Each structure stands twice: as C-alpha cells, then as structure tokens.
Amino acid sequence: MPQPKIYSFIDKAIFDYNMIPQGAKLLVGASGGKDSTLLLEYLANRLKRRNRSQDGTQDTPPFTLGAVYIKTDFAEDFNPVLLEKIRSWGVDVETLYVNTLERVKPGHKMSCYWCSTQRRKELLAYAMEHGYDTIVLGHHLDDILETLIMNMLHGTMLGMPPSLQYEKYPVRIIRPLSYIPVDMIKQHAQEAGWQSVTCTCTYQDNSGRKDARRRLEALTDGDNGKKKLILQALQSIESKLCFDSNL
C-alpha cells in the first residue's frame, strides 16, 4: 500500500536534519490535536516499515517510541476515541497531571505562555526520568513562521529550529513537521477521520499569534511555496530556541 504523500515531507525533514539516528529514544508530546497525532501515526508506521532480515526475523527497531499527554488542571481528558486509534497503532499515551494554576507567581496571572512553559518543563523532566533522549514536537511550517514573526515584532530573531540539542540537558528537540503547511495536515487528518480536541481554557490570549498569522498570510498570499522560501531563508540564519529561564 502506498504511503500518504505527507509522509515524504516528514521523511525529508528527518533526513535533512538527521533527526532520528539509530537507537534513538523518542518521546512525543501528545496533545490530542492533529499535529501530534500525525507524528504518532507516522512514527508508528515507520516502525512497522522496517525491513526483515533474510531469515525472516525482525531487525532491531531503529528507534523506540513513547508518548505522554501533559494534562493541566483545566484541560480536558485525552479524547478516548482518538486514544483507542493511537493504541491500535501500537503506541500508548501516558497522562501526566500538572497543576499550573498553583504555580502562578504572586502578582501574575495565568496565560498561554505560562501554561506552555510549565508543560514543556514537565515534558523535559519526564523524558530524562524515563530515559528518552529526544522529544518530538508537532510544530509545523506555519507555527515556525508565525513564531518568527511574533519574535521579530518584539525585536528578536528567535525561531524554532527543526532540530536542537539542549545545552544543559541530554535531550534533543526535533520537529519533523517543519516542512509541512498546516492546511496539508488538516486535509490528512480529515481524510484519516481523526477526532481531535483543542484547548478551550478560559485563559487563552492568542491575539499575538492571530496577528502573526494574518501578517504571514498577507506576506505570502497564502502560498505555501512562498512560506517554504521564507523557511529556507531562516535556515541560513543561526536560529535559537527561546527557553524560559527557569528550565
């Protein structure tokens, strides 16, 4: 059976950045959304695609795969229908509960940035505790370019590189969907019939990202080819991931 076309974009990103060396231990940050679900589908499929030896036995798996859902105190449970679908691929998703509200510092309020920072911190801690050397995130082409625009409008040239090794920790971050525009992922998710969930918390304030999205669409006329050219230009600049100073 032929592989979905979208897989070839993931294959290329993984090859270009040597994201998954033999024996890598991958941890997918599963959100229940279309992006991380695509990652799990692809990686599970890739494990099944590995070649058999001449004597008919399975070769050593090229990598190991795990997934964790960081559930905040105001987030919904992982979609049970989607969870069963992922389990049918041979992947289990563990839920890790994090109380982000009680971590808000005096004089501050909850925000998407704070929640994201706390979830990323827990994901990193989980990876190190359980022996994973690579965290796999579902940021796609539009995510990367929108983040770049947001940061540029605040006077910095910080981006989200497709592959990045933490300096302080023995863990890498990879983004295999870096070459894929969001509309392609939406189409694949629709064709695959996934059920996904989105964050519906009352603390959302995505005005900055929505503004960056409008600017990106205006700059590229919604042309995915132009978006890829911007990514190519970005790749020629040394890009750093913006970490919270507490990590």
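Quick one: in the range 140-173, of everything that is among the polar types (S, T, N, Q) and either modelled with pLDDT of 85 or more or not in a loop (DSSP other than H, G, I, E, B) (or both), which residue is surrounded by the fewest Cβ atoms within 10 Å (Cβ to Cβ)? Give the steps one after another, and end with the answer.
Here is the first cut: in the range 140-173, the ones among the polar types (S, T, N, Q) are 147, 151, 156, 163, 165.
Filter once more, so that each one left must be either modelled with pLDDT of 85 or more or not in a loop (DSSP other than H, G, I, E, B) (or both): 147, 151, 163, 165.
Values: Thr147: 18, Asn151: 16, Ser163: 18, Gln165: 13.
Of everything passing the filter in the range 140-173, Gln165 is surrounded by the fewest Cβ atoms within 10 Å (Cβ to Cβ).
Check whether at least one residue in the range 1-22 is of a type outside the set (Gly, Ala, Ser), in a loop (DSSP other than H, G, I, E, B), modelled with pLDDT under 90 and touching a Ser or Thr at 6+ places or on another chain (Cβ under 9 Å), and report yes or no.
no
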Yes/no for Gln118 being modelled with pLDDT under 95 and touching a strand residue (DSSP E or B) at 6+ places or on another chain (Cβ under 7 Å): yes
Conditions (1) modelled with pLDDT of 85 or more; (2) out of contact with any Phe, Trp or Tyr (no Cβ under 6 Å at 6 or more places or on another chain); (3) under 30 Å from His130 (Cβ atoms): number failed by Ile180: (2)
Filtered residue count, the range 125-139, keeping only those that are touching a residue at least 24 places away in the same chain (Cβ under 8 Å), more than 23 Å from Asp11 (Cα to Cα) and either among the small types (Gly, Ala, Ser) or buried (at least 21 other Cβ atoms within 10 Å of the Cβ) (or both): 2
Within the range 197-233, considering residues that are of a type in the set (Val, Ile, Thr) and surrounded by 12 or more Cβ atoms within 10 Å (Cβ to Cβ), the one modelled with the lowest pLDDT: Val197
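A quick yes/no check of all residues on (1) farther than 21 Å from Pro176 by Cβ; (2) of a type in the set (S, T, N, Q); (3) in a helix (DSSP H, G or I):
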position	(1), (2), (3)
Leu39	no, no, yes
Ala75	yes, no, no
Lys121	yes, no, yes
Leu124	no, no, yes
Criterion violated by Leu158 - all others in (1) in contact with a Cys (Cβ under 8 Å, 6 or more places away or on another chain); (2) over 17 Å from Thr117 (Cα atoms) satisfied: (2)
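Counting just the residues of the range 90-119 that are part of a strand (DSSP E or B) and among the aliphatic types (A, V, I, L, M), which one comes out nearest to Leu65 (Cα to Cα)?
Restricting to residues being part of a strand (DSSP E or B) and among the aliphatic types (A, V, I, L, M), the top hit is Val93.
With respect to Pro176, is the statement that it is assigned to a loop (DSSP other than H, G, I, E, B), in contact with a helix residue (DSSP H, G or I) (Cβ under 6 Å, 6 or more places away or on another chain) and within 14 Å of Leu26 (Cα to Cα) true?
Values: assigned to a loop (DSSP other than H, G, I, E, B): yes; in contact with a helix residue (DSSP H, G or I) (Cβ under 6 Å, 6 or more places away or on another chain): yes; within 14 Å of Leu26 (Cα to Cα): yes.
Considered against the rule, which asks whether it is assigned to a loop (DSSP other than H, G, I, E, B), in contact with a helix residue (DSSP H, G or I) (Cβ under 6 Å, 6 or more places away or on another chain) and within 14 Å of Leu26 (Cα to Cα), Pro176 comes out as yes.
Kindly evaluate Gln187 against the criterion of being outside any loop (DSSP other than H, G, I, E, B), modelled with pLDDT of 90 or more and of a type in the set (S, T, N, Q).
Values: outside any loop (DSSP other than H, G, I, E, B): yes; modelled with pLDDT of 90 or more: yes; of a type in the set (S, T, N, Q): yes.
Yes: the conditions hold for Gln187.
The values are calculated or read from the model by the stated rules, or taken from the named source; none is laboratory data. Bear in mind the structure is a predicted one, so any value in this text is a computation, not a measurement. Heads up, the Cβs are rebuilt from the backbone with ideal geometry, glycines too, and the neighbour counts pull from every protein chain shown.
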